[in-house]
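Since the structure comes first, as structure tokens, the remarks are kept for the end.
The values are calculated or read from the model by the stated rules, or taken from the named source; none is laboratory data. Keep in mind that this is a model prediction, so the values were computed, not measured. Here the Cβ positions follow ideal geometry from the backbone for every residue, glycine too, while neighbour counts run over all protein chains shown.
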Amino acid sequence: MNQALASVKEEIKKVIRGKDDVLDVVLCTLLAKGHILLEDIPGVGKTTLAVALSRAIGLSYKRMQFTPDVLPSDILGFSMYDKETGNFEFRKGAIFTNLFLADEINRTSPKTQSALLEVMEERRVSIEGVTYSLEPPFFVIATQNPIGASGTQKLPDSQLDRFFVRLSLGYPDHKSATEILKGHSMEHIDEVSPVMNTADLLNLQKKADSVFASDAICDYIVSLTEATRNTDLLTQGISPRGSLAILKMAKAYACYQDRDYVIPQDIHKIFYSVCNHRMILSTKAKASGKDTADIVQQTLELIPIPELS
């Protein structure tokens with residue numbers, strides 16, 4: 001494992017216990033320049049994870065609680081008239097940061113949710129015909145309560161597709177829950193120290209982007225995604241944007257493991273996290289009791305693993 005990222009992981013583990021696999025994917029998503037959707041019940045550490053991540057890497061951080069009355073201008077910014085100069089001056093919104101935490105994103109209106117589409121895809125904000133670029137690195141970590149919880153609104157597919165991965169922390173195991181009671185919690189977030197800076201992260205992102213993916217690996221990814229489009233268990237499979245996310249995440253995972261080339265096992269490690277929110281189950285799948293995890297496993301078993309020369 002990359003030593004710099006291993007140090008970041010150890011810092012986060014001071015307040016997030018027993019979630020090593022989730023932390024691995026979170027760090028790989030940062031290397032891939034992707035955004036993260038955390039879907040879980042309240043109280044399992046979603047906000048704590050975002051704060052600890054920003055502290056461990058030395059990222060500027062802003063959090064916004066999404067409620068029905070939040071407006072797009074609260075996120076992006078707005079122009080205000082200055083009487084002294086006689087001009088309208090742009091006031092930056094909360095999105096102008098390195099790590100933006102959109103807390104309970106599915107509690108706000110679709111109009112406000114859509115305000116994040118351009119900024120997540122192109123890392124820039126367009127206000128009144130003027131475009132403002134965001135300073136890298138830039139990430140969105142959004143949390144949402146499970147669909148059907150009181151006051152929630154379903155995220156549109158176009159919004160979901162902007163997230164590289166959807167993760168769930170879930171309940172801690174018995175040992176981790178005991179350690180939380182003994183003091184490993186948000187109250188000790190000040191113990192998380194920066195062990196990396198933004199320049200280090202940008203360099204690692206370039207390193208991850210330069211990881212070699214052979215023609216066989218690219219063909220394997222396309223075969224996997226095509227399989228999700230050609231099954232009667234799904235009404236929607238993985239889009240080309242999803243295929244790109246798989247490749248970028250596989251490169252990031254290889255870099256995370258201090259390797260400069262992608263192997264099929266890298267794809268297997270990240271495939272479910274990248275794909276689970278991009279699939280729409282068919283009536284047949286629901287009737288047979290299958291979920292996205294079953295279909296991901298079935299897809300990985302169906303497509304032969306390529307032999308790399």
**OP:** Might you let me know whether the stretch 251-268 holds any residue that is in a loop (DSSP other than H, G, I, E, B), under 21 Å from Leu23 (Cβ atoms) and of a type in the set (Asp, Glu)?
**Re:** yes
Original post:
Only one residue in Val70, Val26 is within 25 Å of Thr178 (Cβ to Cβ) and among the hydrophobic types (A, V, I, L, M, F, W, C), so which one is that?
Top reply: Val26
**OP:** Any residue in the stretch 161-178 that's within 16 Å of Gly45 (Cβ to Cβ): show its pairings with residues that are assigned to a loop (DSSP other than H, G, I, E, B) and of a type in the set (Gly, Ala, Ser) at Cβ separation under 9 Å, as long as the two are six or more apart or on different chains.
**Re:** Leu169/Gly45; Pro172/Gly18; Pro172/Gly45; Asp173/Gly18; Lys175/Gly18; Ser176/Gly18; Ala177/Gly18
Subject >> Subset of the stretch 233-284 [touching a Gly at 6+ places or on another chain (Cβ under 9 Å) and more than 17 Å from His35 (Cα to Cα)] >> reply: Met279, Ile280
Original post:
Tell me, which helices (runs of 4 or more DSSP H) wholly within the stretch 152-227 include 1 or more residues that are within 20 Å of Gln265 (Cα to Cα)?
Top reply: 198-209
Subject >> Selection from the stretch 231-250 of residues that are closer than 22 Å to Thr29 by Cβ, part of a loop (DSSP other than H, G, I, E, B) and of a type in the set (A, V, I, L, M, F, W, C) >> reply: Ile238
Subject >> Any hit, the stretch 247-255, residues being in contact with a Lys or Arg (Cβ under 6 Å, 6 or more places away or on another chain), surrounded by 20 or more Cβ atoms within 10 Å (Cβ to Cβ) and under 27 Å from His277 (Cβ atoms) >> reply: yes
**OP:** For Asn98, indicate whether it is of a type outside the set (A, V, I, L, M, F, W, C), under 24 Å from Asn203 (Cα atoms) and touching a strand residue (DSSP E or B) at 6+ places or on another chain (Cβ under 9 Å).
**Re:** yes
Subject >> Enumeration of residues in the stretch 86-143 that are charged (D, E, K, R), part of a loop (DSSP other than H, G, I, E, B) and at negative phi >> reply: Glu135
Original post:
Can you name the strands (runs of 3 or more DSSP E) wholly within the stretch 13-82 that have at least 1 residues being at pLDDT 90 or above and of a type in the set (Phe, Trp, Tyr)?
Top reply: 61-65
Original post:
If we keep just the residues of the stretch 4-24 that are of a type in the set (Asp, Glu) and closer than 17 Å to Ile57 by Cα, which is nearest to the chain's Cα centre (by Cα)?
Top reply: Asp24
Subject >> Among (1) under 21 Å from the mean Cα position of the chain (by Cα); (2) over 26 Å from Leu30 (Cα atoms) - the single one Gly86 does not satisfy >> reply: (1)
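Residues are listed down the side, and each one gets a yes or a no for (1) touching a residue at least 60 places away in the same chain (Cβ under 8 Å); (2) under 18 Å from Thr228 (Cα atoms):
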residue	(1), (2)
Lys248	yes, no
Ala254	no, no
Phe271	no, yes
Val274	yes, yes
Gly289	no, yes
Gln297	no, yes
